[in-house]
Amino acid sequence: MESLLKSIDTTRVPRHIAIIMDGNGRWAKSRGMERSAGHVAGVDAVRRVIEAGSEAGVEYMTLYAFSTENWNRPKEEVDALLHLIVVALERETSGMIANGVRLNVIGDCSRLPEESMESLRRSIDATSKGTGMQVNLALSYSSRWEITKAVRDMVDAALRGDIDSSSITEDTVSDYLTTRSIPDPDLLIRTGGDERVSNFLLWQIAYSELYFTDMYWPDFDKEALYKAIVDYQSRERRFGKTSEQITRLEDQI
């Protein structure tokens, strides 16, 4: 079967893809395995999707790896997840370097164990010279936490006289988010069958295209990502404008 990669319009590739990687536990349960086996299999899916994104020309990819709500899971599962992150980073860093991938992290890293933070620091430093896709791992992240922190930081800045509260704009708010140097996602993908955004990049996905699939994350492969990109390219992105306005703007280019 011919790869869908050849069907992608290289001039209209989403610059930034955000992914809610859901279904690891259910994937394992459906196979009579422990939930932890699903998380291990999910790491392989991460590698495939990073490679596929790079091949398709995606510039940024943000992966929802561990939410602030995930801290409420059983301690054994949380510990296993965080240890898996360490193991995965040690195993995958050389591949990211070879593919020119730069690693970044967003989230409340103050809650992460030192072992996890040290692995992140090593991988971020080792991949810092990459000239290809930037991969943002959302760890101990939630959008409400991020927006609340941004409000606190803006209030503190206003009290110091660094900013004038009357001049705060949408751009100002964006500058106080953890994604301040990253363009908003063009496409949000969620695997696992649920059709919600689960407190992920709520500010940033205001005009993102949403793509939901029943496929569990460990089964998500390169062709699945290409299919999502092809579907994205079939849509008209109006950003509040009419189709006629979009057509006129395109004719002027």
D_trans [Stokes-Einstein, Kirkwood Rh over alpha-carbon pairs] for the range 112-209, 4 °C, 1.567 mPa s, µm² s⁻¹: 81
quick shape note, the range 52-134: Cα extents on principal axes in Å, largest first -> 38, 21, 19
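Of the cross-linked pairs K29/K75; K29/K227; K75/K149, which ones have a Cα-Cα span greater than 21 Å in the structure shown? Numbers along the way, then the final one.
Numbers: K29/K75 19 Å; K29/K227 26 Å; K75/K149 26 Å.
In this structure, K29/K227; K75/K149 lie more than 21 Å apart at Cα.
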Order W217, W145 by their accessible area, 1.4 angstrom probe, all chains in place, largest first. W145, W217
On the accessible surface of the chain, probed at 1.4 Å, how many percent belong to carbon and sulfur atoms? 50
Could you do me a favour and compute the accessible area per residue for the chain, 1.4 Å probe, result in Å²? 53
Counting helices only, and only those DSSP H runs with n ≥ 4, report the 222 nm mean residue ellipticity of the chain as the sum of -39,500 (n - 2.57) divided by its residues, in deg cm²/dmol to the nearest 500. -14000 deg cm²/dmol
With a cap of 15 neighbouring Cβ atoms within 10 Å, and only residues DSSP puts in a loop, list the trypsin sites (Lys or Arg not before Pro) found in the range 90-171. K129
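List the equivalent ellipsoid semi-axes of the chain in whole Å, largest first, each obtained as the square root of 5λ for an eigenvalue λ of the Cα gyration tensor.
Each semi-axis is the square root of five times an eigenvalue, giving 28, 26, 18 Å.
Is the range 58-106 rounded, prolate or oblate when judged by the Cα gyration tensor, a ≥ b ≥ c being the square roots of its eigenvalues, rounded requiring a/c under 1.5 and prolate requiring a/b larger than b/c? Kindly include the intermediate steps, with their values, before the conclusion.
Numbers: a/c = 4.29, a/b = 1.72, b/c = 2.49.
Here the range 58-106 falls in the oblate category.
The values are calculated or read from the model by the stated rules, or taken from the named source; none is laboratory data. Not measured: the values here are computed from a predicted model. Virtual Cβ from ideal backbone geometry, glycine too; neighbours counted across all protein chains shown. When the accessible area is computed, the model is the full protein with side chains, heavy atoms only, and any ligands, DNA or RNA have been set aside. Shrake-Rupley method; radii C 1.70, N 1.55, O 1.52, S 1.80 Å.
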